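Below you'll find the structure, written out as structure tokens, and then a few comments.
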Amino acid sequence: MRSKNYPFKPLLFVLSLLLFTLVVSAQTGTIRGFVYEKETGEPVIFTNVYLQGTTHGAATDVNGYFAISQIPPGKYLLTITYLGFDSLQINVLVKADEIISKNLYLEKASYTLEQVQITATRQEATTETRTSVVKITPKQIKQIPSFGGQPDLAQYLQVLPGVVFTGDQGGQLYIRGGSPIQNKVLLDGMIVYNPFHSIGLFSVFDTDILRNADVYTGGFGAEYGGRISSVMDITTRDGNKTRMSGKVGASTFGANMMIEGPIKKMKEGSQGSSSFIFTAKNSYLEQSSKLFYDYIDTAGLPFNYTDLYGKISLLGANGSKVNFFGFNFQDRVNNYKSLSDFKWDSYGGGTNFLVIPGNSPVLMEGHLAYSQYRITLDEKNSLPRESSINGFNMGFDFTYFIGKDELKYGFEILGFKTDYFFYNSIGLEISQVENTTELGLYAKYKKTAGNWLIEPSMRFHYYASLSDLSPEPRLALKFNATESFRIKFAGGFYSQNLLSARSDRDVVNLFYGFLSGPDNLPRTFDGKAISNKLQTAEHAILGFELDLSDKLTMNLEGYYKNFSQLTNLNRSKLFNDSEENADLPDLLKKDFVIEHGYATGADITFKYETKQLYLWLVYSLGYVVRQYEDTTGAIIDYYPHYDRRHNVNLVATYIFGDKRNWEVNARWNFGSGFPFTLTQGYYPLIPFTNGIYTDYTTQNEELGYIADDLNKGRISDYHRLDVSLKRVINTGINSKLEITVSVTNLYDRDNIFYVDKNTGDRIYQLPVMPSAGLMFSF
């Protein structure tokens, strides 16, 4: 039952948790602080900080922050170990009811110990629930074949468990049965509405500015809301705080550059520092394809994009900091196949901050941002479409460290405006302008009890424009059965108001618009009244982690997502929803339809890693089913076009040479065929373009087709091999040149993208595409 009362009770609940933390025993001490790379000033993330000879320790977070609390008074040796850096040890004296703050700096080591990294990874596996989440760093992104020497997040996401990618040209990512609109993308806390370009090889994010990306494929905690399938939380790094540096690169696909440096240099013991970073990348594939890839299309591949991002970071002496950032992402496709003009433009900016209060064991974080996205599509044989969304989001988060336990709570406010219109296949206009406000309150507590990690959380999400409150309990668990075997679980309730301005039944549709809280919905589904306009889902994930050796790990997860209410565009609308059509079925007159569905499956991954060799094997088994109500009231099951039964990814990286300056990467992907709707036959179709005034005796006929049941057919299986070879040439103490050659679809597999219903022609994805690139770093 979804309550419609304003959420005062959730606020009291959060305040009660806060008061509880204030009465925790004060007879112990706390050590907290940040760990930085001495060379650049960049935070060292996810490394272990511990008191030698004790069980007291913590891992640094994405800001390099650590906090070790409830330490008995005494003398200790604080120790930090991290792969590629010299270990650091300092003596500390802990007193009762005292907070010790430390900023620590690690120096790069002349040699590395693999065991250091193995120990750090194992400790994280036993102290974090990590169910249905993948942490991505730039190092991992660069371990897969890159196109023209430009490794990209979009390419790496395609090898993650449970992720299905539908095509090289206009394809989208679908995560464990969820469509793109059900995936929340955050960049430094700011919502990014479309993170991928029309050519599916590239995202809007420059790999060189990424610090970390957490991809939650389901079962995410209460700190995230407003989406019902998955979350991608991306954090960018700060600019170099010690010296000016940068990169300049070019390839057969496009060019990119980055410049960074200190505004005020970081020094040990200084009173703070500041820095900047700016990146730009663009595609000139429309021009270069006529020279290098004219065998694909003599008219070229008119995929164009430009991405700009800038950030200024101000760092205080105690580690508190504030960032200011802004971006502009653009994408354009010119006169390609059935498109005459397609483009989208996105821009935004904001700030985020981290505050370390002097005498309080709390970490305070916050963000405030504004972003806008606008897309237009003009088609040769159809009327134009437009959509835009703009708005703000802000939030505050508070984290208390209580020994090995942790309490986190906060709130989020967002408001946005959606403006959308298009014409369906018979020329009826569907449009909406909507202003929406949402408020989220959450609390999460992580408890360590023996071999158990227990992480309950609760979110109350209030949709003000709908006067609808969604209570959303969630839970994550982990049981450390042995040192090498762990069992984990995550699940919860989820809701969202935002929906896509395209149908999930469309196989190919570059138009990616947005709607919110539509009014023109059916009144019932399967004989039951529709009580609210929200899309809702429930998740359950069960997993197992096994360390097969020091270098080989296995992860197995089974999942079930129940999409208890979904909203989709109604492609079957024939009449306006007016009084004279009151007796017609909703399917023939409503702008939107209600659907139900579920996604279930299992993912297994194996990872093997040494200094020179990296292997990553993923197998995913998935089922995605949707249900809709036809004009007779019968419930019809169908498979959405991204339902892929089997998906396999094998990634390999090998580093060799006397100076380890050669690197070869390979990725092989296999996917079983996607569903599509078969054509039963053709007939001469007279388009009544002038309605009842059309003269059918003189009107030119078009080719009409008779469709079979929705998505009963399957296209052929997909598989592709990509390889790349990289050579690194050191040109100075701080400079190097990287030369990369790569081949996409090495054995030139004819992978079907879709079948044209009108002509029966098969449209193929990209054939073999060699590329080369240079990257100079200084």
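Summing Lys and Arg as +1 and Asp and Glu as -1 over all other residues whose Cβ lies under 14 Å from the Cβ of Tyr682 gives a net charge of -4.
Summing charges over neighbours of Gly326, with a neighbour being any other residue whose Cβ is under 13 Å away from its Cβ, gives -1 when K and R count +1 and D and E count -1. With the charge dipole of the chain set up from +1 on Lys and Arg Cβ and -1 on Asp and Glu Cβ about the Cα centre, the Cα lying farthest toward the positive end among the listed residues Pro302, Pro357, Phe278 is that of Pro357. Report, for region 139-253, the % of DSSP beta bridges that are antiparallel, rounded to 5. In region 139-253, approximately 75 percent of DSSP beta bridges are antiparallel ones. Computed over region 422-500, the Cα gyration tensor eigenvalues convert (square root of 5λ each) into semi-axes of 41, 18, 7 Å, ordered from largest to smallest. Computed extension gain for Met244 through Phe392, at 0.36 nm per residue and net of the alpha carbon distance, reaches 50.0 nm. The spread of Cα positions in the chain, taken along each principal axis and listed from longest to shortest, comes to 97, 62, 47 Å. Each residue of region 448-458 is assigned a 3J(HN,Hα), and the resulting list reads 9, 10, x, 8, 9, 10, 10, 9, x, 8, 9 Hz, derived from the Karplus form 6.51 cos²θ - 1.76 cosθ + 1.60 (θ = phi - 60°), x at Gly and Pro. If only the Cβ of Lys and Arg carry +1 and only the Cβ of Asp and Glu carry -1, the dipole of the chain around its Cα centre is close to 2440 debye. Taking all protein chains into account, the per residue accessible area for region 132-205 stands at 15 Å² (1.4 Å probe).
Can you give me the angle between helix 8-22 and the longest principal axis of the chain, using Cα atoms only, in degrees from 0 to 90, rounded to the nearest 10? Result, in degrees: 20. Region 319-377 and region 436-470 have Cα centres lying 24 Å from one another.
So what does log10 I(q)/I(0) come out to for region 440-592 at q = 0.09 Å⁻¹, using the Debye formula with one equal point on every Cα and no solvent? Taking Cα atoms of region 440-592 as identical point scatterers yields -0.48. With the alpha-carbon atoms of region 632-769 aligned to their principal axes, the span from lowest to highest coordinate is 79, 36, 27 Å, starting with the largest.
Sites listed here are GluC sites (Glu not before Pro) in region 225-292 whose DSSP assignment is loop and whose Cβ has at most 11 other Cβ atoms within 10 Å: Glu268. Treat region 188-244 as a sphere of radius equal to its Kirkwood radius over Cα pairs and apply Stokes-Einstein at 4 °C in a medium of 1.567 mPa s; give the translational diffusion coefficient in µm²/s, rounded to a whole number. Reported coefficient: 96 µm²/s. Per residue, the average separation of C-alpha pairs within less than 8 Å and at least 6 apart gives the chain a relative contact order of 10 percent. For the chain, the antiparallel share of DSSP beta bridges with both residues in that region comes to about 95%.
Expressed as a whole percent, the accessible surface of the chain that belongs to carbon and sulfur atoms is 56, based on a 1.4 Å probe. For region 366-377, the Karplus equation 6.51 cos²θ - 1.76 cosθ + 1.60, evaluated at θ = phi - 60°, returns couplings of x, 8, 8, 8, 10, 8, 9, 9, 9, 9, 9, 9 Hz by residue, with Gly and Pro reported as x.
Dimensions of region 506-560 along the principal axes, based on C-alpha atoms and rounded to the nearest Å, stand at 57, 33, 19, largest first. How much net charge surrounds Lys533 when only other residues with a Cβ under 9 Å from its Cβ are counted (Lys, Arg +1; Asp, Glu -1)? In short, -2. Shape class of region 218-343 from the Cα gyration tensor (axes a ≥ b ≥ c, square roots of the eigenvalues): oblate, since a/c reaches 1.5 or more and a/b does not exceed b/c. When the alpha-carbon atoms of region 271-395 are used, the pair Rg, Dmax equals 21.2, 68 angstrom.
The values are calculated or read from the model by the stated rules, or taken from the named source; none is laboratory data. Since the model is a prediction, treat every value here as computed from it, not as a measurement. Note that each Cβ is placed from the backbone with ideal geometry, even for glycine, and that neighbours are counted across all protein chains shown. Areas reflect the complete protein model, heavy atoms only, side chains present, ligands, DNA and RNA absent. Shrake-Rupley method; radii C 1.70, N 1.55, O 1.52, S 1.80 Å.
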